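Visitor: If you scroll down you'll find the structure; I have some questions about it.
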Amino acid sequence: MNYFKKILRFAKPYKIYAILNIISNIFYALFSTLAMISLFPMLNVLFNQTEKIFTKPKWSGITNLKDYVTDSLNFYITEQSQKTDSGEVLMYMVGLIITMFLLKNLFNYLAMYFITFLRNGVLKDLRNELYNKTVELPISYYSEKRKGDTIARITSDVLEIQHSFLSILELIVREPLTIIFTIIAMLTISPKLTLFVFLFLPLSGFLISLIGKSLKRKSDKVQQEQGYFLSILEETLGGLRVIKAFNAESVFARKFQSSTKRFFSFSNSLLNRQNLASPTSEFFGIAAIGVILWYGGQMVLVEKTLEAELFITYMALSYQILTPAKAISKASYGVKKGNAAAERVLEVLETENPISEIDNPIQQDTFTKALKIDNISFKYEDEYVLKNFNLTIEKGKTVALVGQSGSGKSTVANLITRFYDVNDGEILIDGTNIKDFTKKSVRGLMGLVTQDSILFNDTVKNNIALGKENATDEEIIAAAKIANAHDFIMDLPNGYNTNIGDSGNKLSGGQKQRLSIARAVLKNPPIMVLDEATSALDTESERLVQDALEKMMQNRTSLVIAHRLSTIQNADLIVVMQKGKILEQGTHEELLKSNKGYKRLVEMQNLA
């Protein structure tokens with residue numbers, strides 16, 4: 001229940017629907033009982049057992065409720081019999097029964113109508129918050145988690161909570177009220193018979209509860225396994241080209257089939273246990289009815305302490321308890337299943353983002369002096385990737401980072417954009433620690449072009465327009481021209497309105513990279529971060545893009561991480577990195593003269 005208390009906060013905006021649902025359920029429970037009680041006067045008329053009462057009975061207290069109700073019905077029937085024949089009186093009684101059942105079903109529909117808005121509202125808000133949390137959490141969170149597991153939590157787990165949410169409302173309001181009203185009616189008819197029946201209920205309830213003990217654990221396994229095979233599917237679709245190229249279809253098929261086999265086993269175990277609920281509760285209910293028939297029959301035929309018509313009405317009422325009892329049993333299993341889903345969803349929602357903002361952070365939208373990396377150290381896990389690293393990038397200057405793979409170049413880019421936070425030291429923009437700014441404003445000052453062109457299954461226009469909200473067509477075209485992308489875009493079937501496919505797979509590597517650069521150009525940030533932006537390009541595309549980048553970087557502060565050294569010869573400062581430290585730094589000409597690491601890298605590339 002602790003998990004559901006936390007989930008309940010999502011229901012607050014829809015509390016009016018919850019209140020209307022509860023009111024409708026109260027009337028449903030009331031008319032469910034009255035519908036069964038209304039059988040009694042009809043049976044009286046049918047078997048001509050109506051006691052003639054000519055004086056309207058008087059209320060003498062709750063202890064005589066049964067006699068008062070019986071006498072009132074007999075008085076009404078006697079009165080009507082004097083005006084009309086028995087056939088018409090019977091028609092009135094049938095009309096009464098139909099009216100009761102009509103009202104019962106009307107309020108049943110209204111209860112379900114109102115709960116629909118509550119359930120779907122909670123579903124919508126829960127998914128939205130999960131999505132927002134998914135986007136908010138740092139990149140490091142997803143280096144440990146499977147994407148498929150995250151997808152499973154947003155889809156199937158949230159849906160499971162939605163179903164459980166309905167179950168718990170029925171558990172609290174509708175079915176218990178139906179049982180309470182029915183028991184009151186049964187006690188009114190025969191307290192002795194009712195007390196006898198309820199000796200058997202605790203026993204059956206205990207036996208039913210034993211079935212549900214392991215449901216949460218089994219449900220948790222099912223949901224975890226679903227997350228696992230969704231991850232395999234996501235990886236398969238993402239790496240389909242490599243899988244086919246290496247004939248690895250059978251390897252991934254075995255992994256997927258192994259997961260679905262475990263899912264099959266866990267699901268069977270869970271559903272078989274869950275399916276026991278309904279037949280078990282029905283069997284115990286029928287057993288109770290068998291006991292009522294035996295004991296009640298004794299009271300009617302032998303003891304003569306209960307009228308036959310009342311006993312038939314009593315039987316109808318006792319059978320009516322079976323349906324809500326079954327629903328409660330089913331709902332309690334649903335709650336156990338939903339509990340496991342709620343736990344998984346809340347695990348994400350309650351995960352603390354290590355890259356947090358201070359209270360009242362600064363909203364920064366200008367850059368005037370310098371970006372300074374002051375004595376920082378950083379590690380992803382145990383070993384430091386950067387140690388006591390210092391670098392100053394003055395406004396309008398281009399600084400290039402070069403070095404072998406694993407030297408920490410891309411880590412610097414990740415830290416200045418606050419994808420990760422430093423372990424020691426600080427990064428300052430115009431003398432202020434970037435942790436004092438809002439994350440949005442820090443990233444708003446920077447444009448990012450990475451080695452991997454991250455594009456989306458949308459049009460060319462919308463992919464470029466990510467760089468600036470409400471950008472005009474003219475601005476988008478101008479950015480594409482600067483990135484030398486306009487010509488190839490115009491050759492596409494629908495120009496700027498062409499859909500580029502999943503991850504931009506309809507385009508070549510060079511075309512995808514030029515779109516990424518156009519997106520950064522459109523954003524027009526004061527600081528540009530280029531993380532090996534030209535490494536994926538062919539020679540011609542590299543020339544086109546390098547020309548575009550040089551135009552874009554004029555009078556702009558740029559941090560360029562370069563693999564191809566020919567692209568950074570004009571940088572104001574070249575920093576050579578090795579194992580997280582600065583080996584040497586200077587201009588292209590200065591570093592060639594120093595005869596150290598940079599010169600060796602240039603010679604290796606020239607030789608290649």
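Visitor: What residue, among those in the stretch 338-355 that are surrounded by 11 or more Cβ atoms within 10 Å (Cβ to Cβ) and in a loop (DSSP other than H, G, I, E, B), is nearest to the chain's Cα centre (by Cα)?
Guide: Residue satisfying both the conditions and the ranking: Thr351.
Visitor: Do you know which of the residues in the stretch 288-314 that are modelled with pLDDT of 75 or more and within 48 Å of the chain's Cα centre (by Cα) is surrounded by the fewest Cβ atoms within 10 Å (Cβ to Cβ)?
Guide: Filtering first and then ranking leaves Gly290.
Visitor: Further, regarding this structure: Among the residues of the stretch 81-93, are any at pLDDT below 65, closer than 22 Å to Tyr314 by Cβ and of a type in the set (A, V, I, L, M)?
Guide: no
Visitor: Which fully enclosed helices (runs of 4 or more DSSP H) of the stretch 86-194 have 1 or more residues being crowded, with 21+ Cβ neighbours inside 10 Å and of a type outside the set (Ser, Thr, Tyr)?
Guide: Filter on the stretch 86-194 gives 86-136, 147-152, 158-169, 175-189.
Visitor: Let me ask you something else. If I filter the stretch 31-42 for residues that are at pLDDT 80 or above and within 30 Å of Lys337 (Cα to Cα), do I get at least one hit?
Guide: Yes, the stretch 31-42 contains a residue that is at pLDDT 80 or above and within 30 Å of Lys337 (Cα to Cα).
Visitor: Have a look at Ile500, Ile454, Ile476 and point out the one that is within 24 Å of Gln554 (Cβ to Cβ) and not small (Gly, Ala, Ser).
Guide: Numbers: Ile500 fails: within 24 Å of Gln554 (Cβ to Cβ); Ile454 fails: within 24 Å of Gln554 (Cβ to Cβ).
Matching residue, one of Ile500, Ile454, Ile476: Ile476.
Visitor: Another one. Out of all the residues in the stretch 477-506, which are outside any helix (DSSP H, G or I), in contact with a helix residue (DSSP H, G or I) (Cβ under 8 Å, 6 or more places away or on another chain) and at pLDDT below 85?
Guide: Passing the criteria: Ala483, Asn484.
The values are calculated or read from the model by the stated rules, or taken from the named source; none is laboratory data. Remember, it's a predicted structure, so these values are computed and weren't measured experimentally. Positions of Cβ are generated from backbone atoms using ideal geometry, with glycine treated the same way; all protein chains shown enter the neighbour counts.
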